[in-house]
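Below is one structure, written out as structure tokens, with a few remarks after it.
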Amino acid sequence: MLRILPLFVLLFLLSFCSMKKQSAEAVSSADVPADYTKYCASCHGASAEVFVKRDWKYGTSRLDFIRGIKEGYPLAGMQGYAGLLSDEQILDLAKYLVTTRERLRNQQAVVEDPKPQTFVSEGVTYRLDTVARDLESPWGMAFLPDGDLIFTEKAGTIWRQKPDGTRSQVTGAPAVMSQGQGGLLDVELHPKFAENKLIYFTYSKPQPGGDSKMSATTVMRARLEGNQLTDIRDIFTALPFVATQYHFGSRMEFGRDGYLYVTVGERGKQDEFPQVLDKAHGKVHRITDNGDIPSDNPFFNQPGAVQSIWSYGHRNPQGLAFSPATGDLWEHEHGPRGGDELNVVQPGKNYGWPVVSYGTHYDGRSFTDKTAVEGIESPVTYWVPSIAPCGMAFVTGDRYPAWKGNLLVGSLSFRFVNRCVLDGRKVVKQENLFNDVGRVRAIAMGSDGYIYFSVENPGYIFRVVPVK
Ligand code: HEC
């Protein structure tokens, strides 16, 4: 007995050590979801499950993930985390992605269409009808006077869908640089479309004859005859061409003045573009319906300035809408981590990026502690954490009396439609509608008076119907 006692002690000690080791591992992996939330969620979505449902481009092994997290994908818009996270944190994140992906893949067989959702707001019940499914990323929508819906898919396709749901492809789409956030983006009708059939598209145009990686946010104008685009012409290109594949901005709206307003993101060149007037990036532009420049633009007479600039200091504006009540131009833009902004855009004004922001770098470092500076416009409101806003529309018409005049803002990362109740230029109340419906890309009022919005990956278009 005495002789085997030391063996027991040894075994006991050994098992104790291995327990310690296990619990140490357990502690560090318990931090992984927190690391994910802190460093990754702002771009990839609030839960790792969302991130994992994607068409993988760079491989799905643990090694692929480790390399990706360390080095990032700078052209696509993800920086590397090598300096910021320890090797152990990176390994844990990679393992976390591998296991989450495995788990989800096993479930995927039973994942079906999103359930028809209902939502009660201001005492009214709303239902979502599915208008289109099996899409990739439906980026822009416009309703023709006859009720047909024109929508773009980011990879480069234009569709015309009738109210009965039948859909045909529109020919004449531009060749796009379809990488990262680039592709075929917004669509807008001329205010006199019924007479002149003019339609406008924004897209990331590859540099002609140049390096295929270089691209620029561009507005193409055409005539829509049935399912055909004719008379095709690019009327605006945000120069210079740039190699990064993100922050194209790219929303368009016609104003009451008959001019076309176009947003352009800063293409990830925050220190070079948004604060200077001789580059077109990080700006809202104002042009005529054929691409000329109105002579009352704020920098029209300033030597060296890009004459189409209407406002500057923007980051990545993907929401634009004129208030039907006041005529104000509302714009929203993605902030860095936190600090997404809702602005009322005025001519010649500076909206501050990157001098002023409520957000931080994606890695958590702050790049400015300034939130207000003389000569820089403050946002109407801002979102921390980021909702990743995309798409925006005012609720008009008579179908939604409880929401009339409200501003609807899509959220990519939180997967809802945000409803802002406005009083003049103030947001007095916010509500999140249709939680977890998908990454919301575009919102538009239909010619039938219903609200439509699209979500991506997987892509759907929904109609919001009030039910008695
Ligand atoms: C600033 C936004 C941003 C942040 C923050 C971010 N990523 Fe990314 N990530 C991207 C972009 C953009 C891509 C490239 C997508 C593409 O090329 O289609 C990407 C790609 C990836 C890929 C490769 C996906 C594929 O398709 O193969 C992995 C893995 C990944 N990220 C993991 C992470 C992890 C883990 C974190 C947190 C440590 C993180 N990312 C933080 C923007 C971000």
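What whole-number distance in Å separates the alpha-carbon centres of the stretch 375-413 and the stretch 418-455? Comparing the Cα centres of the stretch 375-413 and the stretch 418-455, I get a distance of 6 Å.
Packing around the peptides 444-457, 284-297, 123-136, 306-319, taken as the average count of other Cβ atoms within 10 Å per residue, puts them in this order, highest first: 306-319, 444-457, 284-297, 123-136. Counting only DSSP H runs of at least 4 residues, each contributing -39500 (n - 2.57), and dividing by the residue count of the chain, the helix-based mean residue ellipticity at 222 nm comes to -5000 deg cm²/dmol. For the stretch 212-353, the spread of Cα positions along the three principal axes, ordered from largest to smallest, is 44, 43, 33 Å.
The distance between label points at Leu84 and Ala194 comes to 5.2 nm (points 7 Å beyond Cα on the Cα→Cβ vector). Multiplying the residue separation of Asp129 and Lys213 by 0.36 nm and removing their Cα-Cα distance gives an extension gain of 26.3 nm. Over the chain, Cα pairs under 8 Å with separation of 6+ residues give a relative contact order of 13 percent.
For the Cα trace of the chain, dividing Rg by the Kirkwood Rh returns an Rg/Rh value of 1.04.
Rounded to whole numbers, the Karplus 3J(HN,Hα) couplings from phi for the stretch 293-301 are 10, x, 6, 9, 5, x, 10, 4, 9 Hz, using 6.51 cos²θ - 1.76 cosθ + 1.60 with θ = phi - 60°, and x at Gly and Pro.
Bear in mind that the values in this text are calculations on the coordinates, not laboratory data. Since the model is a prediction, treat every value here as computed from it, not as a measurement. Methodologically, a virtual Cβ is constructed for each residue, glycine included, from the backbone with ideal geometry; neighbour enumeration extends over all protein chains shown.
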